[in-house]
Every structure is written in C-alpha cells, then in structure tokens.
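Enquirer: I'd like to ask you about the structure that follows.
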Amino acid sequence: MIQKKVCMVGVYGTGKTSLVERYVHSIFSAKYHSTVGVKIDRKLVPIGDTTVNLLLWDIEGRSSKQDIPVSYLRGAHAVFFVVDGTRRETLEQLFDLARLTRSATGDVPSIVALNKADLRDQWVLAAADTKRLLAGGLHALNTSAKTGDGVEDAFLWLAKATLDASLAPDSQAKVSHED
Amino acid sequence: MVRATNEDHFAIMTIQKSVRLLATNLQDTTLLDGMGGPEVHIFVVADGIGGTAGGKVASGVAVRSVVEYLAEAVNCVQDFDIDREQIFLDILSTAVWRGHERLKKMFPAQGGPATTLTMTTLVWPRAYIIHAGDSRGYFLRKGALRQFTRDQTMGDDLVDRDAVTEQQARRAGWYNVLSSEVGGCLLPSVGLIDLAEGDTLLLCTDGLTKHVPDDRIAALLAAGSAESAAQSLIDAALEAGGHDNVTAVVARATRAT
C-alpha cells in the first residue's frame, strides 16, 4: 500500500469539506460548517495491483487576503484545488493560491474541481476558464458534491497521478510512506 | 443540584526527552543545542454514558487506555518528527481505539456503556485532535472563540442531511443521542490546528456547553490564569443550573521563561 497526502485547497465556502464527505462517506450536508484548522480523512483507492491510501487534508478555507499556513502543505504529494463555479472570484483567487501552494509543495500532481455544477442557473464559468487553467498546468473537472457528479472521477484522477508520479524515475526524492 | 457520581474523566500529560541546563560555569553551552527534544502535552476529556455506574466505568476505561497506550508507545511519541506526523497521528488514534476495544470486550452487548472522548496532543505549535461524541474543543485567540470539534450526535447528523429541522431534532431528543462514541459506534474525527502564542485551549464536556454560551466562555477564558479560568467555567455552569457533571481542561500557550 502506498500512502499519499493530498491537500484540499481553496477559498472558504467552495465546498472542499463537502467533496471529501461525498467521496469518503457518501453523504452531503446542505448546512455550511467552516473547517477550523485541518480535518483529516482517509480513503483506500485500488488502482491496478496497488492500493493508494489517500490522506485527505481538508484545509480551512481562507479569504483572498489570507495565506494558507505553509506548514499544512508540507510533505503533500498532491493538491486538490476547489473553485465554486457560481463565484468567479474563487477562480481568480485560485491562481494566487496555486502559486503559493506550489512554492511550498513543488510541482506535485494537481487538479481543480469546478464545484457546485448542479447550480446550473448560477454557473458563471466558461470553457475559456478551463483552458486558462490547463495553460497554467491545472487539469480541471466539473463536480457536484450535492449530486456526486464528477467527484469520484476527480479523486481517482489525482490518485492515479500521484501513483504515476511515484513510479517516475525522478521521484526518488519525494517521500511517500509505504507499508 | 450536583450529581453525587462523576461520570467524567480527564487526563493531562507531558512527555519529554530533554537535557536542561540548570546551572554551569562553562563558557560554551552550545553542546546542549538540539538536545531539547520535542515536548508533547496531551489533554483528554471523556464523558461517560450508559447509566451512572456504567458511564463512570466507560470514561475511566477510555482515559486509562489512552494513558497506558501512550506510556507504552512513549519512545514513538518522543521521536516525533513533523515529516512523519501521520505515523504520530496513527499512534494517537490507536490509543483511542484501544479504549474502544477494551470497552467492547467488557460490555459485548449492544447499547452497553460508552463515552465521549476529546483528546488534543500538542507538539508546539501543532495541536493534533482526535474526537468522538459531543464533548468539545475550543481555542481562544485575540478574544475570538473558535470551536474546533463538531458534535457527533444524531441531531447534528440528521439536521446536516436535511432530514429534520433543528426544532424537530431537539423535540425528539436526537441531540442527546451520540452518533459516534468510544465503546459504541466509533467514528472518530481526526484533525489538527496550529496554535499561536497567547492562545488558550479548552476541552470540556457538555455539562459546560449546555449551560454556558460561547460569549461567556470566551470572557471567562480570557480572565486570569488557566487554572482560575477552568474553575470559573465550572462555577458558571453550576450557577446556570447545570446538573450534569462538568469538566473543563484549560491550557494557555505562553513563552517559556
């Protein structure tokens, strides 16, 4: 089994905790609870002959003017960014967050969940935004923690990417704990 | 009215591996640099349920199991390394699970005595949290009180899932039924926060939070020493008509002198 630390990063209220709860516990809470500090969950993901033990660090969302404590990002093998597709500012702020995060984690596999895809009438993102993310090296996917759409796919994509990264010849320096 | 039997238990521990220079006439004391080692402070509160006698046994077994397991694993705890903190967290979780398994063995029938348990392990500045039930953890920073645990009750779960309203849950007594407990159905939440100098940490049982509102807790925590704040909180709960057991563990982060 390979253990991988994944940091959930995004502005407050984008749905980081809801995505983890949907993925790990198959539940959705309509009531908003802000995370204090970091909440840690785990999920075993079988990929081929290997099982990846994803340690999901759900980091407290910040306003645009607050930085994420870099110490929370230390040792991350992957980053799961979350944007609220009904709030454009959460996408604009993501670029700053991504720069800050990468300065702490290095170039680790990352994905952007464009969340709340069930709220179609309030959706403000376009295909050009996805292209812009891709140009910045960020793979993006529409998700809905409420309906579950895209959630499994997003986490599975990231789990595979971390596995591929650890199998790459130049990954020796990246520490991952193997049981 | 104060209960004759106390169903709450708590523990406060410090684990340290260090060499401290108390006095010397040596000119160069740099040889002791790096020999301080991390100090690990552990705070636990537990509130037993399942009848007066059963609840007392359950919280006692859970807290004793944590103390015993961490004493056994003391070398692992002393060797704390931030880069291997998941292993450290696993040790802390195992300590809680051990109490759970012990209670399950003692009371195999479903619905036997169980307990809440909230444990915070501080390796400055990081506080690791393992939590089950409706005891609570808070920290006070610059006058603002933040709760870092979420109550694990059927009421909270059902309201979260929009299955019932808060009023319906209250009326049906769902807030008094735990959805996660040591000795019952254990689904502990695990997390961490980084504390800052001047922060005050509070772990408490619901005997406090059912009777004293957050703003009053914040005011009492801010006044006086950690010890006097703990006593003031307990007094406030009793004055407010609290008839449940009340436990409050208060710790303040101050610069060592």
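The values are calculated or read from the model by the stated rules, or taken from the named source; none is laboratory data. These figures come from a predicted structure and were not determined experimentally. Because the Cβ atoms are built from the backbone with ideal geometry, glycine has one as well, and the counts that use them run over all protein chains shown.
Enquirer: State the number of residues belonging to segment B:146-171 that are within 18 Å of A:Ser34 (Cβ to Cβ) and away from every other protein chain (no Cβ under 11 Å).
Expert: Of the residues in segment B:146-171, 1 are within 18 Å of A:Ser34 (Cβ to Cβ) and away from every other protein chain (no Cβ under 11 Å).
Enquirer: Looking only at segment B:125-157, count every residue that is under 17 Å from the mean Cα position of the chain (by Cα) and either of a type in the set (Lys, Arg) or assigned to a loop (DSSP other than H, G, I, E, B) (or both) and tell me the total.
Expert: The number of residues fulfilling the criteria is 12.
Enquirer: Which of the residues spanning segment B:187-220 are more than 13 Å from B:Arg136 (Cβ to Cβ), away from chain A (no Cβ under 14 Å), in contact with a strand residue (DSSP E or B) (Cβ under 6 Å, 6 or more places away or on another chain) and of a type in the set (A, V, I, L, M)?
Expert: Selection gives B:Ala218 alone.
Enquirer: Do you know which residues across segment A:7-31 are surrounded by fewer than 18 Cβ atoms within 10 Å (Cβ to Cβ) and out of contact with any Gly (no Cβ under 7 Å at 6 or more places or on another chain)?
Expert: Within segment A:7-31, A:Val24, A:His25, A:Ser26, A:Ile27, A:Ala30, A:Lys31 meet the criteria.
Conditions (1) in contact with a strand residue (DSSP E or B) (Cβ under 8 Å, 6 or more places away or on another chain); (2) surrounded by fewer than 22 Cβ atoms within 10 Å (Cβ to Cβ), marked per residue:
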| position | (1), (2) |
| --- | --- |
| B:Ile129 | yes, no |
| B:Gly143 | no, yes |
| B:Met154 | yes, yes |
| B:Ser232 | no, yes |
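Enquirer: Take the residues of segment B:178-209 that are in contact with a Gly (Cβ under 7 Å, 6 or more places away or on another chain) and assigned to a loop (DSSP other than H, G, I, E, B): which is surrounded by the fewest Cβ atoms within 10 Å (Cβ to Cβ)?
Expert: That would be B:Ser180.
Enquirer: On to the next question. Please find, among A:Ala140, A:Ala98, A:Ala76, the residue that is assigned to a loop (DSSP other than H, G, I, E, B), surrounded by 15 or more Cβ atoms within 10 Å (Cβ to Cβ) and within 13 Å of the chain's Cα centre (by Cα).
Expert: Numbers: A:Ala140 fails: assigned to a loop (DSSP other than H, G, I, E, B); A:Ala98 fails: assigned to a loop (DSSP other than H, G, I, E, B).
So the residue among A:Ala140, A:Ala98, A:Ala76 that is assigned to a loop (DSSP other than H, G, I, E, B), surrounded by 15 or more Cβ atoms within 10 Å (Cβ to Cβ) and within 13 Å of the chain's Cα centre (by Cα) is A:Ala76.
Residue-wise test of (1) closer than 21 Å to B:Ile129 by Cβ; (2) away from chain A (no Cβ under 14 Å); (3) modelled with pLDDT of 80 or more.
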residue	(1), (2), (3)
B:Val44	yes, yes, yes
B:Lys56	no, yes, yes
B:Val67	yes, yes, yes
B:Gln86	yes, no, yes
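Enquirer: On to the next question. With respect to the numbered conditions (1) crowded, with 17+ Cβ neighbours inside 10 Å; (2) under 30 Å from B:Ala229 (Cα atoms); (3) more than 19 Å from the chain's Cα centre (by Cα); (4) among the charged types (D, E, K, R), which one is the sole condition not fulfilled by B:Arg102?
Expert: Failing condition for B:Arg102: (2).
Enquirer: Here is a follow-up. Going through A:Leu119, A:Leu97 one at a time, which residue ends up being modelled with pLDDT of 95 or more and over 21 Å from A:Asp164 (Cα atoms)?
Expert: Among A:Leu119, A:Leu97, only A:Leu119 is modelled with pLDDT of 95 or more and over 21 Å from A:Asp164 (Cα atoms).
Enquirer: To continue, here is another question. In segment A:27-42, how many residues are more than 7 Å from chain B (Cβ to nearest Cβ) and in contact with a strand residue (DSSP E or B) (Cβ under 8 Å, 6 or more places away or on another chain)?
Expert: 3
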